[in-house]
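Peer 1: Have a look at this one.
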Amino acid sequence: MTEALLEVNHLKTYFPITSGLFNRTVGHVKAVDDISITLKEGEAFGLVGESGSGKSTVGKTIVRLADKTSGEVKFKGIDLHQLSEKELRKLRPKLQLIFQDPYSSLNPRVRVGDAIGEALINHGLATKAEARELVLEVMDACGLSTYHYDRFPHEFSGGQRQRIGIARALVLNPDLIIADEPVSALDVSIQAQIINLFRKLQVSRGLTYLFISHDLSVVEHLCTRIGVMYLGTMMETASRDELFRNPLHPYTKALLSAVPVPIPKKKRKDQKERIVLSGDIPNPANPPSGCKFHTRCPFATDICREQLPVFRHAGGDHYIACHLA
Amino acid sequence: MRNVMEIEHLSTYFYTREGAVKAVNDISFRIREGETVCIVGESGSGKSVTALSVMGLIEEPAGKIVEGQIHFDGKQLLNLSKQELRTIRGNDIAMIFQEPMSSLNPVIPIGKQIMEPLKTHQGLNKKEAKRRAIELIELVGISRPEQIAESYPHQLSGGMLQRVMIAMAISCEPKLLIADEPTTALDVTIQAQILDMLDRIKQKANMSMLLITHDLGVVAEIADYVIVMYSGKIVEEGEVVELFDNPKHPYTQGLLRSKPIIGDRQDELYSIPGQVPNPLDLKESCYFHDRCEHCLPICKTKLPQLKGMEGRQRVACWLYEEGTHHD
């Protein structure tokens with residue numbers, strides 16, 4: 001059994017809602033409400049959910065870009081939220097983030113090669129000359145050419161910029177990469193290139209991924225285990241095959257059936273029963289009582305309205321939080 | 001079936017310091033009565049500019065429709081004055097955009113904004129318009145319509161706002177609804193609701209629809225007829241089943257293959273190599289040739305024209321031209 005690289009236990013991140021003259025706290029947005037995830041070394045875990053589900057906040061809280069309210073985040077057995085700034089900084093190269101829009105995290109006046117190597121020098125991991133070597137090597141692995149080193153960010157297309165974002169994370173030789181919607185802004189033909197790159201790098205470098213996305217089809221292609229979030233709560237986790245073959249939670253089922261498939265509707269014979277959810281995702285500042293999904297769930301009963309379902313084992317590596325399934 | 005709109009040899013250019021960008025480059029197509037035509041393409045393919053050209057929303061002098069004709073309902077849209085165009089826009093042709101928030105006025109209640117076109121185009125008085133506005137809000141699947149009519153845009157979610165935009169667009173019972181990426185900013189569960197509703201309303205009102213999207217899944221869900229654009233050109237078009245069953249153009253084939261599909265996992269996704277050419281630097285050639293697996297010598301020197309295949313399918317590719325050498 002491989003050891004857990006990242007352990008997230010009962011993590012809660014609440015953002016205060018303030019109001020009035022003295023900014024009194026009048027309530028909380030429970031962006032992340034009791035989430036537990038364990039990532040083994042070399043694993044790719046996919047965290048999916050709609051907007052407002054708290055999936056990005058999970059990523060941010062793990063790397064301490066947001067403060068937790070309670071719970072713990074253990075990276076290689078070390079509790080990240082207990083570390084001092086200095087200790088955390090030392091550890092940072094080992095856990096890297098990749099964002100949706102790489103352009104906004106690149107300085108337009110810094111040459112791309114220097115931008116990729118910057119962190120190496122800042123962290124004292126390499127001299128300037130060594131950094132150049134390492135950067136070129138990583139650029140090559142990410143499908144960028146040597147002559148790209150001296151170019152500026154605006155000279156690159158969206159797909160290439162994402163390659164730069166990946167190279168920048170990779171050059172530090174991290175153990176864990178948290179990627180927040182890394183392919184969402186890309187065109188399909190480019191998206192496929194980047195998904196393949198993520199895959200290739202995982203194998204060649206033994207990387208562990210936490211992949212945050214709203215797109216189930218992308219997650220299916222990249223991740224071996226998947227967690228589905230709704231309003232800050234984990235609804236279901238299972239291995240990829242189990243989740244897609246045998247989804248248990250009504251929300252997962254609805255989410256799966258809502259993804260448009262590129263087979264013309266006019267042609268589909270076995271019209272799989274499509275669950276079209278009614279209504280919108282509720283306000284996270286004021287989530288429904290009981291099961292948070294009950295307002296949109298077609299099967300909700302009295303117990304769902306009153307009691308919060310426990311996140312429980314449902315056989316194999318399948319876990320769900322539902323009274324009915 | 002009657003054509004609602006015929007577009008002939010439309011070309012729209014934008015002028016930049018570096019030169020002219022042929023955003024839409026000599027395209028022709030028609031939209032039949034009651035039909036949903038989808039234009040699919042990646043960023044920079046010219047799909048949105050096509051929609052804006054039809055609506056007369058190209059801002060001069062940065063951009064200009066340099067050539068072509070747009071026939072709509074017996075009129076030639078490009079010859080109309082601004083005033084004449086305005087009576088058609090919103091009344092006979094309506095449009096919805098990707099970002100509903102940016103098309104709504106933040107300080108006017110939703111209901112009032114829906115009443116506006118009803119008063120301008122249909123000549124309804126205030127009371128009638130209000131009644132109709134509430135009916136429309138109900139029609140697009142919003143519960144508590146009276147209450148919503150009184151709310152301001154910031155009080156509603158993205159999905160609700162897009163419904164409001166649709167309510168506004170269909171308020172004057174247009175013959176043609178143009179929707180530019182109407183569900184791209186929405187979550188999948190909300191997207192499913194909106195697509196369902198658009199389809200239902202379209203059938204009921206016998207309206208035609210021109211839908212612009214980058215998502216082949218959405219196309220499969222709602223289209224009758226599909227147009228694939230690349231670098232300002234139509235590279236392939238056809239009825240939705242024909243096109244998905246038997247895509248002819250290597251670009252269409254590549255697009256369909258590179259989309260990850262749930263339940264059909266591959267170890268490595270097919271991906272089209274390279275990237276779209278620089279629109280300022282298009283040479284006389286097939287614009288897709290340097291990304292194409294089947295590139296022939298002629299592809300590098302001559303632009304292929306659209307050619308009819310079986311049914312309504314047409315493709316612009318030298319592979320299907322008689323007399324071109326296959327291997």
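Peer 1: Just for segment A:162-196: of the residues that are over 24 Å from A:LYS76 (Cβ atoms) and surrounded by fewer than 21 Cβ atoms within 10 Å (Cβ to Cβ), which one is farthest from the other protein chains (Cβ to nearest Cβ)?
Peer 2: A:GLU181
Peer 1: How many of the residues making up segment A:172-206 are touching a strand residue (DSSP E or B) at 6+ places or on another chain (Cβ under 9 Å) and touching a residue at least 40 places away in the same chain (Cβ under 8 Å)?
Peer 2: Residues meeting the conditions: 13.
Peer 1: Which one is farthest from A:GLY46 (Cα to Cα) among residues in segment A:198-218 that are crowded, with 20+ Cβ neighbours inside 10 Å, more than 9 Å from every other protein chain (Cβ to nearest Cβ) and in contact with a Gly (Cβ under 9 Å, 6 or more places away or on another chain)?
Peer 2: Here the residue is A:LEU207.
Peer 1: On to the next question. Of all the residues that make up segment A:222-260, how many are outside any loop (DSSP other than H, G, I, E, B), facing another protein chain (nearest Cβ under 10 Å) and farther than 24 Å from A:GLU3 by Cα?
Peer 2: The number of residues fulfilling the criteria is 8.
Peer 1: Restricting attention to segment B:260-272, which residues are assigned to a loop (DSSP other than H, G, I, E, B) and crowded, with 19+ Cβ neighbours inside 10 Å?
Peer 2: Hits for segment B:260-272 are B:PRO260, B:LEU269, B:SER271, B:ILE272.
Peer 1: With the condition kept exactly as written, say whether any residue in segment B:232-241 is surrounded by 23 or more Cβ atoms within 10 Å (Cβ to Cβ), in contact with a Gly (Cβ under 6 Å, 6 or more places away or on another chain) and more than 14 Å from chain A (Cβ to nearest Cβ).
Peer 2: yes
Peer 1: Let me ask something else about it. Please pick out the residue among A:ASP317, A:ASP280 that is in a loop (DSSP other than H, G, I, E, B) and more than 14 Å from every other protein chain (Cβ to nearest Cβ).
Peer 2: A:ASP317
Peer 1: Return the pair list, or none, for Cβ contacts closer than 6 Å from residues in segment B:210-236 that are within 8 Å of B:VAL40 (Cα to Cα) to residues that are assigned to a helix (DSSP H, G or I), at least 6 apart or on different chains.
Peer 2: B:ILE212/B:LYS47; B:ILE212/B:SER48; B:ILE212/B:ALA51; B:VAL226/B:VAL219; B:VAL226/B:VAL240; B:VAL226/B:LEU243; B:VAL228/B:THR252; B:MET229/B:LYS47
Residues checked against (1) more than 9 Å from chain A (Cβ to nearest Cβ); (2) within 30 Å of A:PRO282 (Cβ to Cβ):
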residue: B:ASP180; (1), (2): yes, yes
residue: B:THR189; (1), (2): no, yes
residue: B:ALA192; (1), (2): no, yes
residue: B:LEU198; (1), (2): yes, yes
residue: B:LEU210; (1), (2): yes, no
residue: B:VAL218; (1), (2): no, yes
residue: B:TYR225; (1), (2): yes, no
residue: B:LEU255; (1), (2): no, no
residue: B:LEU269; (1), (2): no, no
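Peer 1: Related question: Hey, can you tell me all the residues within segment A:302-321 that are touching a strand residue (DSSP E or B) at 6+ places or on another chain (Cβ under 7 Å) and surrounded by 15 or more Cβ atoms within 10 Å (Cβ to Cβ)?
Peer 2: Within segment A:302-321, A:PHE311, A:ALA314, A:HIS318, A:TYR319, A:ILE320, A:ALA321 meet the criteria.
Peer 1: Something else now. Would you mention how many residues in segment B:242-253 are crowded, with 24+ Cβ neighbours inside 10 Å and either hydrophobic (A, V, I, L, M, F, W, C) or facing chain A (nearest Cβ under 9 Å) (or both)?
Peer 2: 2
Peer 1: Let me ask you something else. How do the helices (runs of 4 or more DSSP H) wholly within segment B:17-112 filter down when requiring 2 or more residues that are surrounded by 15 or more Cβ atoms within 10 Å (Cβ to Cβ) and not aliphatic (A, V, I, L, M): which remain?
Peer 2: Fully inside segment B:17-112 and qualifying: B:47-55, B:100-103.
Quick note: the coordinates plus some simple rules give every number you see, no bench work behind them. As the structure is a prediction and not an experimental result, all values here were calculated from the model. Glycine also receives a Cβ, built like all others from the backbone with ideal geometry; neighbour counts cover every protein chain displayed.
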